[in-house]
Amino acid sequence: MRRRIFGAPATAVVLALLIPLSACGDSEDASDGEGTLRLVAAEYGDTPATSSKAFWDKMTADFTAAHPGIKVKVELQPWADIDREVSRQVKAGKAPDIALMGSYSDFAAQGKLYSADELLSVTSEANFLQPLAEAGSVGSTLYGLPFVASSRLLFTNEALFEKANVRPPRTWAELKTAAQALKNKGVLYPYAMPLGPEEAHAEALIWELSNGGGYADSSGNYALASAQNIETWGWVKEQLVKPGLTGPVPPAQLNRADAFAAFLRNEVGMVNGYPSLLHEARAKGIRVNAIEMPVSDNLGSGEKPPTVGVADWMMAFKQNGNRKPISEFLQFIYQDKNLSEFANRYHLLPSTVSASRAVAGSSGIDAKDTQFLTALRGAQLYPVNDPSWVTVSDTIKRNIGRAVDPAGNPKTVLEEIAGKANEASKKR
């Protein structure tokens with residue numbers, strides 16, 4: 001089983017939609033004529049005020065003004081539903097022309113997607129940041145066009161750290177020392193460890209990479225029960241969870257959204273986060289220091305394992321035979337100004353080299369956020385380019401928390417996860 005384990009599901013970057021679905025683009029009653037493309041896109045906002053509708057209304061109107069013969073109708077779907085809904089439409093023979101969502105490889109494996117070289121110019125295809133282009137490729141062919149992305153850094157609450165008289169940690173031992181000092185000062189969650197089913201695969205990969213492990217070995221094969229990973233979760237269980245340094249909620253029951261909410265209530269000393277949380281915290285007057293994840297003492301503070309990156313994917317379906325108008329729309333939407341506008345709206349990072357250079361300058365994201373861009377350039381992403389990843393990631397999310405439960409055995413749990421991953425791979 002040869003794998004290219006650097007892909008990334010986009011998910012965790014944004015919150016699920018909490019408002020009713022809405023259509024946007026030209027108008028809700030636009031007809032699906034010969035000149036109409038249909039884009040199904042994930043909703044990135046969590047209120048009517050932050051809905052993605054305003055962005056897509058503007059983009060589709062501007063595009064049609066520049067290309068009078070082509071209309072674009074956009075349907076927004078919640079993150080919780082979009083993968084399932086697009087799969088349903090494809091199976092029903094009603095595939096959208098374009099989708100923006102968290103996974104693409106299953107459709108690529110079925111031969112249902114146009115490849116990037118059928119849609120973009122050579123220059124445009126070469127413009128994607130390398131880790132994202134690798135994650136969007138099956139073999140050597142790019143099918144998942146990265147749209148926006150992010151990376152993860154460890155957030156420390158500066159006021160709580162000052163109160164506990166500790167410095168931001170560089171190694172696991174220092175992290176434990178800081179967590180104990182925070183606990184002694186009454187901090188509810190010295191280190192918030194969200195291993196609940198919402199997004200446990202992100203926290204798990206962050207910890208595993210920091211001990212030289214991860215989801216794959218050097219050959220690109222799944223290595224979910226490697227010696228390094230078993231050691232990682234043994235340490236976490238004995239050194240953090242057992243002494244009560246991860247807070248009152250068992251990690252297996254703590255979801256990312258709840259950990260972030262606690263951080264915004266000044267109840268968390270440390271948590272792994274991304275740019276939007278940093279902005280929310282600063283808006284509330286919380287002083288945050290964002291640092292690289294501390295590394296295992298076996299590696300030493302001089303080691304720099306890859307950070308975890310996440311991305312969202314554009315994909316174009318062959319079913320309706322609209323390759324040329326799809327190509328024109330994608331070339332338009334991937335213009336630096338348009339891509340950067342969407343990324344800035346949600347405090348995310350654009351996926352292209354040229355737009356990334358723009359955000360690193362005066363017209364882009366907050367200058368302090370460029371550390372996330374730097375981390376993204378060398379990040380490792382989830383294996384979203386493996387069609388079995390949807391099943392494997394769900395298995396990790398629902399089971400990895402058991403490795404640090406009082407009655408849990410890290411080796412047994414990881415071997416169970418690895419076994420289910422192998423079964424999922426064989427079915428592909």
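The values are calculated or read from the model by the stated rules, or taken from the named source; none is laboratory data. Quantities reported herein were computed from a predicted structural model and do not represent experimental measurements. Cβ atoms come from the backbone with ideal geometry, glycine included; neighbour counts cover every protein chain shown. What goes into the accessible areas is simple: the full protein's heavy atoms, side chains included, and nothing from ligands, DNA or RNA. Shrake-Rupley method; radii C 1.70, N 1.55, O 1.52, S 1.80 Å.
Conditions: (1) open to solvent by 10 Å² or more (accessible area, probe 1.4 Å); (2) modelled with pLDDT under 95. Residue 45 meets all but one. Number of the miss?
Result: residue 45 fails condition (1) only.
Filter segment 234-254 for residues that are open to solvent by less than 40 Å² (accessible area, probe 1.4 Å) and either among the polar types (S, T, N, Q) or part of a helix (DSSP H, G or I) (or both) and give the result.
Matches in segment 234-254: 234, 236, 237, 240, 241, 246, 251, 252.
Here's the yes/no breakdown for (1) within 25 Å of residue 410 (Cβ to Cβ); (2) out of contact with any Leu (no Cβ under 7 Å at 6 or more places or on another chain); (3) modelled with pLDDT of 95 or more; (4) of a type in the set (Val, Ile, Thr):
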site	(1), (2), (3), (4)
234	yes, yes, yes, no
239	yes, yes, yes, no
245	yes, yes, yes, no
264	no, yes, yes, no
274	no, yes, no, no
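When the residues of segment 288-335 are narrowed to those that are in contact with a strand residue (DSSP E or B) (Cβ under 7 Å, 6 or more places away or on another chain) and acidic (Asp, Glu), which ends up surrounded by the most Cβ atoms within 10 Å (Cβ to Cβ)?
312
Could we say that residue 257 is small (Gly, Ala, Ser), at negative phi, buried (at least 19 other Cβ atoms within 10 Å of the Cβ) and in contact with a Pro (Cβ under 9 Å, 6 or more places away or on another chain) here?
Judged against the criteria, residue 257 is not a match.
Given 343, 283, which one is among the aliphatic types (A, V, I, L, M) and crowded, with 17+ Cβ neighbours inside 10 Å?
Result: 343 is the single residue among 343, 283 that is among the aliphatic types (A, V, I, L, M) and crowded, with 17+ Cβ neighbours inside 10 Å.
Given the conditions (1) within 28 Å of residue 83 (Cα to Cα); (2) charged (D, E, K, R); (3) modelled with pLDDT of 95 or more, and given that residue 256 satisfies all but one, which numbered condition is not satisfied?
For residue 256, the exception is condition (3).
Consider only pairs whose beta carbons are under 9 Å apart and that are at least six residues apart or on different chains; among these, list those whose first residue lies in segment 74-98 and is within 10 Å of residue 43 (Cβ to Cβ) and open to solvent by less than 10 Å² (accessible area, probe 1.4 Å) and whose second residue is at pLDDT below 95 and in a helix (DSSP H, G or I).
Close Cβ pairs satisfying both conditions: 76/82.
Restricting attention to strands (runs of 3 or more DSSP E) lying wholly within segment 258-347, give those where 3 or more residues are aliphatic (A, V, I, L, M) and farther than 30 Å from residue 72 by Cβ.
Output list reads 268-273, 288-291.
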